[in-house]
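Scroll down for the structure; my scribbles are underneath it.
The values are calculated or read from the model by the stated rules, or taken from the named source; none is laboratory data. Values in this document were obtained by computation on a predicted structure and should not be read as measured data. Neighbour counts run over all protein chains shown; Cβ positions are idealised from the backbone, glycine included. Just the protein is used for accessible areas: all its heavy atoms, side chains included, with ligands, DNA and RNA removed. Shrake-Rupley method; radii C 1.70, N 1.55, O 1.52, S 1.80 Å.
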Amino acid sequence: MAPSAAEADSAASSSGRLLVLYASQTGNAMDAAERVGREAERGGCPAVDVLSMDGFDPSRLPSKRFVVFVVSTTGQGDPPDSMKGFWRYLLRKDLGAQWLKGVRHAVFGLGDSGYQKYNFAAKKLDRRLSHLGAERVVEIGLGDDQHPSGYEGALDPWLLSLWKSLNETNQSLLPRVSDINDPNLSTLGDPKAHVIYYSSNEVSQDSILSDPQKIINSARTMSPALQFHNDGGPPYMLQMVANQRLTVEGSDRDVRHFELEDPSSAISYKTGDALEILPSQNPSAVDAFIERCNLDPDCYVTIQGKSDDKISKGSAVSSLMDRIKLKTFVALTMDIASASPRRYFFEVMSFFATAEHEKEKLQYFASPEGRDDLYQYNQKESRTVLEVLEDFPSVQMPFEWLVQLTPPLKKRAFSISSSPLAHPNQIHLTVSIVSWLTPFKRTRHGLCSTWLAGLNPRKDNFIPCWIRQGSLPPPHPSVPLVLIGPGTGCAPFRAFVEERAAQTVAEPTAPVLFFFGCRNQDNDFLYKDFWLTHAQDEGVLSSKKGGGLFVAFSRDQPQKVYVQHKIKEQSARVWNLLLSGAAVYIAGSSTKMPADVTAALEEVICKEHGVKKEDASKWLRDLERVGRFNIETWS
């Protein structure tokens with residue numbers, strides 16, 4: 001399908017226009033795309049459009065001459081939600097190899113090399129654009145969360161190459177290309193947030209929200225920074241009824257078993273689902289942030305995104321909008337005491353610094369030359385927004401900029417470790433309590449896990465929670481299972497085993513093999529009694545039922561033993577179960593474990609089936625295609 005004459009005319013008029021399309025799940029890709037737009041404008045680009053993919057009609061793509069795509073990869077290689085419709089359109093069979101002839105494109109991906117399908121969405125997009133006739137301006141850029149400087153470690157050099165190539169292709173597109181990296185020419189635009197302030201005596205008591213669910217929903221819906229974090233409606237408010245340590249007291253790992261319930265109504269969830277929790281920030285940190293920023297903790301605010309029609313105070317529309325106490329808005333939406341700010345935060349701070357030495361330091365941090373030093377100061381030390389603001393006391397950033405640039409308070413997702421058949425009104429979680437030392441020996445604590453560990457069952461406030469579908473689909477009772485979950489990766493499989501045990505009462509069920517791994521039998525054999533009980537007599541994991549429990553204790557002998565070694569030891573049993581239609585489920589750390597386990601399964605197939613490694617890999621890919629090979633990992 002070649003471009004029409006009208007499209008060709010449109011293309012000619014757009015030769016001085018740069019289109020930047022992004023697909024973001026958490027906001028990082030949007031940040032990177034906006035940086036592309038800012039730098040293009042600084043280089044004199046006559047017109048720059050920065051749009052979310054779901055806000056652009058893909059049928060108009062052939063009329064664009066220069067398009068930059070910034071795409072994140074989510075979950076197990078999935079595109080962000082905002083890309084799915086766009087991607088479906090690009091896969092149409094009636095789009096020929098010349099459909100995008102004349103379009104020059106560049107793709108930058110944001111991913112995490114700890115996952116097997118690293119930057120999968122960006123790579124697929126880049127290939128598809130080329131298949132449709134578009135020409136690359138520059139090779140695909142791959143941002144990596146594992147890089148010492150995060151995705152910017154790849155973005156900085158990629159942008160230099162992009163501007164150089166675009167300038168060589170069409171000098172009128174970037175007439176001032178040399179200005180892009182000149183810090184003296186940097187200008188500050190307008191913030192994307194518009195804030196209306198109300199003093200406490202301007203707000204009637206009737207208009208103040210009192211329901212915690214409505215307050216949370218209203219605050220987070222109002223936040224421009226959370227536009228990519230769809231909460232999916234008001235939360236469940238669950239009460240913690242059990243907080244039990246699973247690892248031995250005094251060991252260096254603290255893993256907890258939590259039980260949550262809704263005292264007023266039933267909880268609807270499925271085995272394999274995940275629970276998202278909105279953590280509570282330390283009230284003293286929120287107070288310190290408000291004091292540092294000279295804000296009125298008792299005033300109320302209404303906040304809009306820049307793209308909304310601006311509403312003035314006192315208008316009929318504004319009187320209908322929810323008003324949130326500023327302190328509540330900060331506590332529920334702005335991560336001021338656990339997340340590190342991004343580089344653009346430092347650039348904007350530099351415009352509000354009144355002390356010259358602070359301004360110079362901030363400008364240096366925001367520059368490509370200062371990237372590594374910023375990484376050492378900021379990310380490596382897990383410096384928080386509050387700490388950064390306290391380190392630069394002359395800076396007084398307007399609240400509008402703080403709303404835009406402070407990292408949003410994100411929900412934390414945990415695999416549910418209970419079955420609704422066994423616990424119809426409860427949700428169980430298996431959570432590692434996170435803490436670490438920075439290079440300067442400062443102890444840092446994970447916000448959500450530390451908060452949960454400190455709650456007293458049945459005594460503390462309710463926990464805001466959302467249930468979402470996990471990436472481990474619940475299996476039919478007749479499907480044999482090979483479950484591999486070292487460490488807290490056992491969480492979803494505790495639910496699977498509970499579920500199958502409950503199903504066994506009413507119907508025949510297929511065998512289950514479970515491979516678990518930990519450091520020591522005495523210290524961190526999580527749910528030891530649970531697994532051993534189900535491996536005895538007529539239990540789900542018992543040999544009588546065709547099942548099996550295999551545990552690797554990595555530190556209980558001179559040589560380290562991991563789950564992949566146990567899989568290879570049980571090669572014949574694993575293969576026989578695979579031949580009988582088993583589904584494989586893997587859960588746990590995203591570092592080396594999934595790749596090592598996949599390699600062990602390939603070895604089993606090679607040995608037992610008598611095929612080459614390439615054929616074994618294809619065998620597993622075929623399993624994945626039919627939904628019988630599932631992985632859920634986290635970093």
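For this structure, a couple of remarks:
- Evaluating Gly16 against the criteria (1) closer than 22 Å to Leu166 by Cα; (2) at pLDDT 90 or above leaves one unmet condition, (2).
- Within the stretch 452-462, the set of residues being open to solvent by 30 Å² or more (accessible area, probe 1.4 Å) and not basic (Lys, Arg) comprises Gly454, Asn456, Pro457, Asp460, Asn461, Phe462.
- Of all the numbered requirements in (1) more than 19 Å from Arg458 (Cα to Cα); (2) at pLDDT 85 or above; (3) part of a loop (DSSP other than H, G, I, E, B), Asp231 misses one, and that requirement is (2).
- Given (1) under 20 Å from Gly27 (Cβ atoms); (2) out of contact with any strand residue (DSSP E or B) (no Cβ under 7 Å at 6 or more places or on another chain); (3) modelled with pLDDT of 95 or more; (4) not acidic (Asp, Glu), number of the condition His357 does not satisfy: (1)
- Those strands (runs of 3 or more DSSP E) lying entirely in the stretch 436-530 with at least 1 residues in contact with a helix residue (DSSP H, G or I) (Cβ under 6 Å, 6 or more places away or on another chain): 463-468, 481-484, 512-518
- Condition met for Pro511 (in contact (Cβ under 8 Å) with a residue 40 or more places away in the chain, buried (at least 20 other Cβ atoms within 10 Å of the Cβ) and over 29 Å from Ser635 (Cα atoms)): yes
- Residue selected from the stretch 254-277 under the condition touching a Lys or Arg at 6+ places or on another chain (Cβ under 8 Å) and charged (D, E, K, R), by the criterion farthest from Pro475 (Cα to Cα): Asp254
- Just one of the numbered conditions (1) under 30 Å from Thr633 (Cβ atoms); (2) buried (at least 17 other Cβ atoms within 10 Å of the Cβ); (3) not polar (S, T, N, Q) is not true of Trp401: (1).
- Of all residue pairs spaced 6 or more apart or on separate chains, those with beta-carbon atoms under 8 Å, a first member in the stretch 288-304 that is modelled with pLDDT of 95 or more and a second member that is open to solvent by 10 Å² or more (accessible area, probe 1.4 Å) and outside any loop (DSSP other than H, G, I, E, B) are Ala288/Leu386; Phe289/Leu386; Ile290/Lys327; Arg292/Leu386; Arg292/Glu390.
- Sub-9 Å Cβ pairs linking a first residue in the stretch 484-496 that is of a type in the set (Asp, Glu) to a second residue that is open to solvent by less than 10 Å² (accessible area, probe 1.4 Å) and part of a strand (DSSP E or B), at least 6 apart or interchain, number zero.
- Qualifying position, being at pLDDT 95 or above, under 14 Å from Leu513 (Cα atoms) and open to solvent by 20 Å² or more (accessible area, probe 1.4 Å), among Val540, Val551, Val584, Val574: Val551
- Residue that is modelled with the highest pLDDT [pool: residues in the stretch 321-339 that are hydrophobic (A, V, I, L, M, F, W, C) and part of a strand (DSSP E or B)]: Met334
- Applying the set (1) over 18 Å from Asn28 (Cβ atoms); (2) touching a Leu at 6+ places or on another chain (Cβ under 8 Å); (3) not in a loop (DSSP other than H, G, I, E, B) to Gly109 leaves exactly one unmet item: (1).
- Within the stretch 157-187, the set of residues being over 13 Å from Glu139 (Cα atoms), assigned to a helix (DSSP H, G or I) and open to solvent by 40 Å² or more (accessible area, probe 1.4 Å) comprises Glu168, Thr169, Val177, Ser178, Pro183, Asn184, Leu185.
- Taken over the stretch 203-216, the criterion of being modelled with pLDDT of 85 or more and within 15 Å of Leu326 (Cα to Cα) is satisfied by Ile215, Ile216.
- For the stretch 413-451, the set of residues classified as farther than 18 Å from Asp262 by Cα, aliphatic (A, V, I, L, M) and either within 18 Å of the chain's Cα centre (by Cα) or open to solvent by less than 50 Å² (accessible area, probe 1.4 Å) (or both) consists of Ala413, Val431, Ile433, Val434, Leu447, listed by residue number.
- Residues (assigned to a helix (DSSP H, G or I), open to solvent by 40 Å² or more (accessible area, probe 1.4 Å) and touching a residue at least 24 places away in the same chain (Cβ under 8 Å)) located in the stretch 369-384: Arg371, Asp372, Tyr375, Gln376
- Restricting attention to the stretch 341-368, the residues that are open to solvent by less than 70 Å² (accessible area, probe 1.4 Å), among the charged types (D, E, K, R) and either in contact (Cβ under 8 Å) with a residue 40 or more places away in the chain or within 19 Å of Gly189 (Cα to Cα) (or both) add up to 3.
- All of Val388, Val431, Val403 fail the test of being in contact with a strand residue (DSSP E or B) (Cβ under 9 Å, 6 or more places away or on another chain), β-branched (Val, Ile, Thr), in contact (Cβ under 8 Å) with a residue 40 or more places away in the chain and part of a helix (DSSP H, G or I), apart from Val403.
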